[in-house]
Amino acid sequence: MNFDRKNLTNEQLLDLYKRILKPRLIEEKMLILIRQGKVSKWFSGIGQEAIACGVTAVLDKDEYILPMHRNLGVFTGRDIPLYRLFSQWQGKANGFTKGRDRSFHFGTQEYKIIGMISHLGPQMGIADGIALANKLKKNGKVTAVFTGEGATSEGDFHEALNIASVWELPVMFVIENNGYGLSTPTNEQYRCENLADRGIGYGMESHIIDGNNILEVFTKLSELKASMIENPRPVLLEFKTFRMRGHEEASGTKYVPQELMDMWAIKDPVDNYRKYLSELGVLTQEHDDEIRSEIKKEIDENWAMVQAEPELVATYEEELNDVYKPYDFEEVTPSDKKINIRLIDAISNSLKESMERHENLVIMGQDIAEYGGAFKITDGFVAQFGKERIINTPICESAVVSAGMGLSINGHKAIVEMQFADFVSTGFNPIVNLLAKSHYRWLENADVVVRMPCGGGTQAGPFHSQTNEAWFTKTPGLKVVYPAFPYDAKGLLNTSINDPNPVLFFEHKLLYRSIYQDVPKDYYTLPLGKASLLKEGRDVTIIAFGAAVHWALETLAKNPEISADLLDLRTLQPLDTEAIYASVKKTGKAIILQEDTMFGGVASDISAMIMEECFEYLDGPVKRVSSLDSPIPFTKALEDQFLARGRFEDALKELMAY
């Protein structure tokens with residue numbers, strides 16, 4: 001192995017040795033503990049420590065690193081107390097996730113490390129968002145994100161590289177090419193000779209680096225970082241290395257040819273660097289023994305601290321309280337000045353006023369800048385706020401949602417516009433597995449609003465007409481808002497943007513330009529989780545949201561003899577169960593109207609809740625009215641048949657006659 005110290009001092013050479021030796025000695029300790037049954041699972045980085053240690057040595061302590069599950073050198077390189085790492089692995093309170101996740105599936109703002117989720121790919125989109133925030137701050141900071149060669153097959157990898165290239169983001173994309181994705185060798189994963197070659201397709205600079213040579217890693221990345229500060233841009237880095245243990249310890253390495261193991265064993269990054277320092281006269285055997293003894297003592301003392309730490313005690317309150325970041329609603333009461341506007345105008349006004357109120361707010365989406373978005377909601381925003389904050393995105397919903405998370409991590413608020421709610425399916429993973437779980441896992445909020453133009457009635461067919469709120473009400477950690485009127489839309493969107501938790505904000509396309517209302521001209525907020533009682537009656541409770549509210553109003557206008565409470569839910573998570581139960585207990589009958597299909601919809605859960613909580617007050621069965629259990633069709637006759645609108649009146653009369 002060819003080492004070149006260049007102009008590094010003896011102190012720098014020794015610092016790199018201590019950095020690379022520490023994770024190796026910790027791993028050797030863990031392997032012993034696994035055999036003793038004291039550690040349940042371990043993802044080894046033995047053989048590839050030089051990459052994590054070198055990258056961490058190059059970046060400043062206030063620059064974000066996004067490692068994977070075998071990059072122990074990142075965590076030790078940031079000087080995290082070992083007892084905290086050990087507590088994390090053992091699922092104890094001094095860890096970073098309160099026992100809710102294991103290994104390196106966590107982040108820490110204190111040490112500017114953002115850990116991965118098991119889906120791997122979204123990590124790179126988060127790095128884009130963090131780097132975008134740095135670029136907006138003009139702070140000259142670089143971000144590094146790790147991935148293995150296996151995850152380079154995921155769509156998120158390609159989306160993130162494309163975004164970083166188009167937006168000229170200062171991100172080091174670190175590929176640890178260690179030969180195997182679990183047991184699948186590289187020749188079954190990709191056909192290009194080198195993964196670095198993929199940079200060409202994204203107009204991105206790329207390099208191949210010996211991942212077992214700590215000096216090559218450190219000196220090359222030091223040069224690159226200085227260059228990226230002067231000329232902000234992403235760089236794709238392929239580190240050739242090998243993992244000497246199994247994917248995790250239970251996997252073993254039987255699938256690896258022995259000659260390959262032997263070949264890489266002689267390239268051990270720790271042993272070879274130690275020999276080099278000895279040959280230079282920088283490291284004596286006595287000094288080496290002293291360094292090792294000191295590290296082992298630190299390991300043993302910190303492990304003993306964790307063994308003395310009590311096991312976690314599970315409590316309902318603690319678990320449920322951490323699903324969302326606490327948020328104290330700030331009521332802003334508007335003046336009496338009002339203007340008669342459409343729902344689409346109310347949403348546009350909210351976005352504009354929120355952009356003025358929050359200087360750290362960024363809106364991202366397809367065609368939202370000069371074009372103004374598919375529905376012209378952000379028309380004129382570029383002239384007022386600039387393209388730095390009103391950002392056109394490539395067509396890659398997954399990486400854009402992840403970038404929203406990165407913006408939130410690095411001190412910004414993000415709004416992501418789905419051109420149509422249907423398209424959220426290609427961004428589903430980061431919403432339900434990243435945004436929704438982050439606060440519960442490691443107390444990091446996701447200050448992201450995802451806007452969802454949705455709904456039928458416009459003959460737009462199966463891919464532009466869905467109302468898919470039930471996909472998200474099922475997921476703890478998300479808030480779901482679905483207004484039916486301009487006044488509610490403006491006030492609730494303002495609150496959603498203020499709320500530090502992730503919000504799915506549904507906007508019905510048919511209502512955009514058909515519903516007018518007197519709306520305050522200036523800024524105001526409305527609380528989430530409070531239903532609106534639109535009509536009061538004595539005989540039946542009608543529960544609806546979105547366009548279904550207007551269908552219910554039409555039906556009641558045609559049937560003035562029906563005395564009904566009409567509840568517009570407005571928000572589905574949190575849900576105003578108090579208002580629902582109070583109304584049902586008063587009227588004794590309940591009917592729930594939704595535009596979504598029946599099975600698994602919001603109406604089903606509300607019906608079950610009413611049966612559980614109000615059974616003794618009921619004078620009839622709880623009725624649900626929904627669209628057909630089929631995809632939504634295009635032709636008007638078929639769409640009219642599909643939608644619940646045409647079936648509600650008969651169902652309501654049937655319940656009234658019960």
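Could you check the range 135-153 and list, in sequence order, the residues that are part of a helix (DSSP H, G or I) and open to solvent by 10 Å² or more (accessible area, probe 1.4 Å)? Break it down stepwise before answering.
To start, the set of residues in the range 135-153 that are part of a helix (DSSP H, G or I) comprises 135-137, 150-153.
Within the range 135-153, LYS135, LEU136, LYS137, GLY150, SER153 meet the criteria.
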Subset of the range 411-447 (residues that are aromatic (Phe, Trp, Tyr) and either outside any helix (DSSP H, G or I) or on the phi > 0 side of the Ramachandran plot (or both)):
PHE420
Tell me whether the range 224-244 contains one or more residues that are of a type outside the set (Val, Ile, Thr), open to solvent by 20 Å² or more (accessible area, probe 1.4 Å) and touching a His at 6+ places or on another chain (Cβ under 8 Å).
no
Among (1) closer than 15 Å to LEU236 by Cβ; (2) among the acidic types (Asp, Glu); (3) assigned to a loop (DSSP other than H, G, I, E, B), where does ASP101 come up short?
(1)
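Among the residues of the range 60-92, which ones are among the hydroxyl-bearing types (Ser, Thr, Tyr) and either farther than 24 Å from LYS138 by Cα or at pLDDT below 95 (or both)?
Here is the first cut: in the range 60-92, the ones among the hydroxyl-bearing types (Ser, Thr, Tyr) are 64, 76, 83, 87.
If the condition is that a residue be among the hydroxyl-bearing types (Ser, Thr, Tyr) and either farther than 24 Å from LYS138 by Cα or at pLDDT below 95 (or both), then THR76, TYR83, SER87 are the ones that fit.
Select from the range 380-407 the residues that are without any contact (Cβ under 8 Å) to a residue 12 or more places away in the chain and either open to solvent by less than 30 Å² (accessible area, probe 1.4 Å) or under 21 Å from LEU493 (Cα atoms) (or both) and list them in ascending order.
Of the range 380-407, the ones without any contact (Cβ under 8 Å) to a residue 12 or more places away in the chain are 380, 383, 386.
Of everything in the range 380-407, those that are without any contact (Cβ under 8 Å) to a residue 12 or more places away in the chain and either open to solvent by less than 30 Å² (accessible area, probe 1.4 Å) or under 21 Å from LEU493 (Cα atoms) (or both) turn out to be GLY380, GLY386.
How many residues does the range 616-658 hold that are open to solvent by 100 Å² or more (accessible area, probe 1.4 Å), in contact (Cβ under 8 Å) with a residue 40 or more places away in the chain and not in a helix (DSSP H, G or I)?
As a first pass, look at the range 616-658 and keep what is open to solvent by 100 Å² or more (accessible area, probe 1.4 Å): 616, 629, 631, 634, 636, 641, 645, 650, 654, 658.
In the following step, the residues that additionally are in contact (Cβ under 8 Å) with a residue 40 or more places away in the chain were identified as 631, 634, 636, 645, 658.
Filter once more, keeping what is not in a helix (DSSP H, G or I): 631, 634, 658.
Going through the range 616-658 one residue at a time, the tally reaches 3.
Going by what's in this entry, would VAL235 be described as over 29 Å from ASN162 (Cβ atoms) and touching a strand residue (DSSP E or B) at 6+ places or on another chain (Cβ under 9 Å)?
Working: over 29 Å from ASN162 (Cβ atoms): no; touching a strand residue (DSSP E or B) at 6+ places or on another chain (Cβ under 9 Å): yes.
No: the conditions fail for VAL235.
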Among the residues of the range 252-291 satisfying the criterion of being outside any helix (DSSP H, G or I) and more than 20 Å from ILE214 (Cβ to Cβ), which is most open to solvent (accessible area, probe 1.4 Å)?
LYS254
Filter result for ILE130 (of a type in the set (A, V, I, L, M), touching a Pro at 6+ places or on another chain (Cβ under 7 Å) and under 18 Å from SER408 (Cα atoms)):
no
Residues within the range 427-459 that are out of contact with any strand residue (DSSP E or B) (no Cβ under 7 Å at 6 or more places or on another chain) and more than 25 Å from LEU511 (Cβ to Cβ), tallied
14
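This table checks each residue for (1) open to solvent by less than 20 Å² (accessible area, probe 1.4 Å); (2) within 20 Å of LYS297 (Cβ to Cβ); (3) not in a loop (DSSP other than H, G, I, E, B).
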| position | (1), (2), (3) |
| --- | --- |
| LEU21 | yes, yes, yes |
| LEU25 | yes, yes, yes |
| LYS29 | no, yes, yes |
| ARG70 | no, no, no |
| GLN88 | yes, no, yes |
| LYS92 | yes, no, no |
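Suppose we filter GLU309, GLU356, GLU319 for residues that are open to solvent by 70 Å² or more (accessible area, probe 1.4 Å) and at negative phi; which single one remains? Give the steps one after another, and end with the answer.
Numbers: GLU309 fails: open to solvent by 70 Å² or more (accessible area, probe 1.4 Å); GLU319 fails: open to solvent by 70 Å² or more (accessible area, probe 1.4 Å).
Exactly one residue qualifies, and that residue is GLU356.
Kindly state which helices (runs of 4 or more DSSP H) lie completely within the range 465-568 and contain at least 2 residues that are among the hydroxyl-bearing types (Ser, Thr, Tyr), crowded, with 22+ Cβ neighbours inside 10 Å and at pLDDT 95 or above.
Working: elements: 470-473, 486-498, 509-512, 547-558.
It comes to 486-498.
The values are calculated or read from the model by the stated rules, or taken from the named source; none is laboratory data. Because the structure is a prediction, the values reported are computed rather than measured. FYI the Cβ positions are ideal-geometry reconstructions off the backbone, even for glycines, and counts take in every protein chain you see. Keep in mind that these areas ignore ligands, DNA and RNA; they rest on the heavy atoms of the full protein, side chains included. Shrake-Rupley method; radii C 1.70, N 1.55, O 1.52, S 1.80 Å.
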